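Can you keep this structure in mind? I'll have questions shortly.
The values are calculated or read from the model by the stated rules, or taken from the named source; none is laboratory data. Computed from a predicted structure; not experimentally measured. Positions of Cβ are generated from backbone atoms using ideal geometry, with glycine treated the same way; all protein chains shown enter the neighbour counts.
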Amino acid sequence: MHASPNRAVFEPFASGLLDVSGGNAIHWEITGHPDGKPALFLHGGPGAPSRANGYRRLFDLTRYKVVSIDQRGCGRSRPLAIEALDRLHENTTEALIADIEAVRRHLGLARWLVSGVSWGTTLALAYAQACPDAVTALVLGAVTTTSREEVDWITEGVGAIFPEVWDRFAAEAGRRDGERVVDAYARRLASGNPDDRTQAARAWCAWEDTHVSLSPDFAPLSFPDPEAARVFATLVTHYWANDGFLRGSDAILARMNRIRDIPGALVHGRRDISSPARTAWLLSRSWPASSLHIVETEGHGGPDLTACMQRAIAAFASLS
C-alpha cells in the first residue's frame, strides 16, 4: 500500500477549460506531483463526471501526475448535453478521443498511463486503439466494451433477475412498436419536452440503481440536482442506443491487435451482475500483455476492486 499523500498533494494544482470542436469546452484538472509520471483517469457513465477524491485514491500522488477530464457534455465541461440537444449527435466516441488528444497536447504530455472504470474502460480501450503511441499502460476496472450484446443485457436481459422492477422500467419507456427499451429512453431524453425528459431521467436512474444493487457495497446513484440526473441519463442512453459509436457490435474486441503489446491490467468483480466478467475474460484472451484480476467478493466496484487497481497502477509507475 502506498502512503497517503498530504492535503497539498491531494488537491489539484492546475485546472482549466479547453476549447475543442463544436463549441465545446472540456474541463481538465491535474493532481499529484508536478514532475510525476503522467496518468489519465476516465470516468464512467457516460455522463457521470469525475468524483474528486474517488479517482485520486487510485494513484500514489507522490509519484503520479494525474489528469482528469469531465467528458464532453457533462460535469464542469460546457455546454451540458441537455443545453445543446440539437448538437447531441456530435457527441460521439470519436469526438471524445479527439478531446482527450487535445488535452494531452495542450498539457504538453508525450505519453501517459490511462485508467478508467465502467464506461471509462470502453473509452480507454477505444482511445488506446486509436492512439497507441500515446499510452504507456492501461488499468481498467469494472470492464465494459459497450457492445450491442452488453447493452441489451444491461437494459433487457438482466430484467430476468429483477422482473418486477424491469416490467415497470419497460412500461415507463413509452416504447413504439419494435423499439428497444434503450432506444425509447434515448428518444425521449433527447426530445424537446422538459417534463417528459425529467420523468424519463428519473425512471432511467431508478433502473440503474436496481441492476447494481446486488453489489456488497451498493449505494444509490447520487446527483446534486435533477439537472445532473438528466445529463447522465441523456448521455448514457445516447451512447448505449448507438453501441458506443464504435462502428461494429464487437469493435473493441476486434481491434485488440492494435494494443496487444501495451501492458495492462483488467480488474473485475465476480458479482458484477450489470457487466458480467465474460467481457473482461474475452479481452484478456486477446491481449497478451494484460493480466486479469477477478475480485470474488464484489460487483461493479468496491474497496477490494479499488485496492487491486491501486496495486496495478503502482506496478506501472516505473514504465517510461
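From Thr62, Thr93, grab the single residue that is β-branched (Val, Ile, Thr), surrounded by fewer than 17 Cβ atoms within 10 Å (Cβ to Cβ) and in the same structural domain as Asp304 (by TED's automatic domain parsing).
Values: Thr93 fails: surrounded by fewer than 17 Cβ atoms within 10 Å (Cβ to Cβ).
Result: Thr62 is the single residue among Thr62, Thr93 that is β-branched (Val, Ile, Thr), surrounded by fewer than 17 Cβ atoms within 10 Å (Cβ to Cβ) and in the same structural domain as Asp304 (by TED's automatic domain parsing).
Then there is this: Condition check: modelled with pLDDT under 90, surrounded by fewer than 21 Cβ atoms within 10 Å (Cβ to Cβ) and out of contact with any strand residue (DSSP E or B) (no Cβ under 8 Å at 6 or more places or on another chain). Does Pro216 satisfy that?
Details: modelled with pLDDT under 90: yes; surrounded by fewer than 21 Cβ atoms within 10 Å (Cβ to Cβ): yes; out of contact with any strand residue (DSSP E or B) (no Cβ under 8 Å at 6 or more places or on another chain): no.
Here the answer is no, as Pro216 does not meet what is asked.
Of the residues Arg187, Arg175, Arg247, which single one is part of a helix (DSSP H, G or I) and farther than 18 Å from Gly45 by Cβ?
Working: Arg175 fails: part of a helix (DSSP H, G or I); Arg247 fails: part of a helix (DSSP H, G or I).
Step by step, each of Arg187, Arg175, Arg247 is checked, and only Arg187 is part of a helix (DSSP H, G or I) and farther than 18 Å from Gly45 by Cβ.
Residues that are touching a Lys or Arg at 6+ places or on another chain (Cβ under 7 Å) and at pLDDT below 95: does the range 270-293 have at least one?
Step one: list which residues in the range 270-293 are touching a Lys or Arg at 6+ places or on another chain (Cβ under 7 Å), which gives 277, 287-289.
Now drop any that are not at pLDDT below 95, which leaves none.
Within the range 270-293 (the criterion being touching a Lys or Arg at 6+ places or on another chain (Cβ under 7 Å) and at pLDDT below 95), the answer is no, since none of the residues qualifies.
Right, another one. Would the range 267-275 turn up any residue that is outside any loop (DSSP other than H, G, I, E, B), in contact (Cβ under 8 Å) with a residue 12 or more places away in the chain and hydroxyl-bearing (Ser, Thr, Tyr)? Even if it seems obvious, please write down each step before you answer.
Within the range 267-275, the subset outside any loop (DSSP other than H, G, I, E, B) is 267-269.
Narrowing further to those that are in contact (Cβ under 8 Å) with a residue 12 or more places away in the chain: 267-269.
With the extra rule that they be hydroxyl-bearing (Ser, Thr, Tyr), the set shrinks to none.
No: zero hits.
Ok, one more. Of all the residues that make up the range 266-296, how many are surrounded by 22 or more Cβ atoms within 10 Å (Cβ to Cβ) and not small (Gly, Ala, Ser)?
8
Considering only the range 127-144, I want to know if a residue exists there that is small (Gly, Ala, Ser), over 30 Å from Glu298 (Cβ atoms), part of a helix (DSSP H, G or I) and modelled with pLDDT of 95 or more.
Of the residues in the range 127-144, the ones small (Gly, Ala, Ser) are 128, 130, 134, 137, 141-142.
Imposing the further condition that a residue be over 30 Å from Glu298 (Cβ atoms) reduces the set to 130, 134.
Checking the rest, the ones that are also part of a helix (DSSP H, G or I) come to 130, 134.
Restricting the remaining residues to those that are modelled with pLDDT of 95 or more gives 130, 134.
There is at least one residue in the range 127-144 that is small (Gly, Ala, Ser), over 30 Å from Glu298 (Cβ atoms), part of a helix (DSSP H, G or I) and modelled with pLDDT of 95 or more.
So Trp112 clears everything in (1) more than 22 Å from Ser215 (Cα to Cα); (2) of a type in the set (Phe, Trp, Tyr); (3) assigned by TED's automatic domain parsing to the domain that holds Glu208 except one condition, right? Which one?
Here Trp112 meets the rest and fails (3).
What pairs can you find where one residue is in the range 72-89 and surrounded by 20 or more Cβ atoms within 10 Å (Cβ to Cβ), the other is assigned to a strand (DSSP E or B), and their Cβ atoms are less than 7 Å apart, with a gap of 6+ or different chains?
Here the result reads Arg72/Ile26; Gly75/His27; Ser77/Ala25; Ser77/Ile26; Ser77/His27; Ser77/Asp70, each pair linking the range 72-89 to a residue that is assigned to a strand (DSSP E or B).
A further question on this structure: Determine which member of the set Ser274, Ser284 is of a type outside the set (Val, Ile, Thr), within 16 Å of the chain's Cα centre (by Cα), assigned by TED's automatic domain parsing to the domain that holds Ala48 and closer than 20 Å to Asp304 by Cβ.
Working: Ser284 fails: within 16 Å of the chain's Cα centre (by Cα).
Only one candidate passes the filter, namely Ser274.
Right, here's the next one. Considering only the range 167-197, state which residues are without any contact (Cβ under 8 Å) to a residue 40 or more places away in the chain, at negative phi, in contact with a helix residue (DSSP H, G or I) (Cβ under 6 Å, 6 or more places away or on another chain) and of a type outside the set (Lys, Arg).
Those that are without any contact (Cβ under 8 Å) to a residue 40 or more places away in the chain, at negative phi, in contact with a helix residue (DSSP H, G or I) (Cβ under 6 Å, 6 or more places away or on another chain) and of a type outside the set (Lys, Arg): Ala170, Glu172, Ala173, Val181, Asp196.
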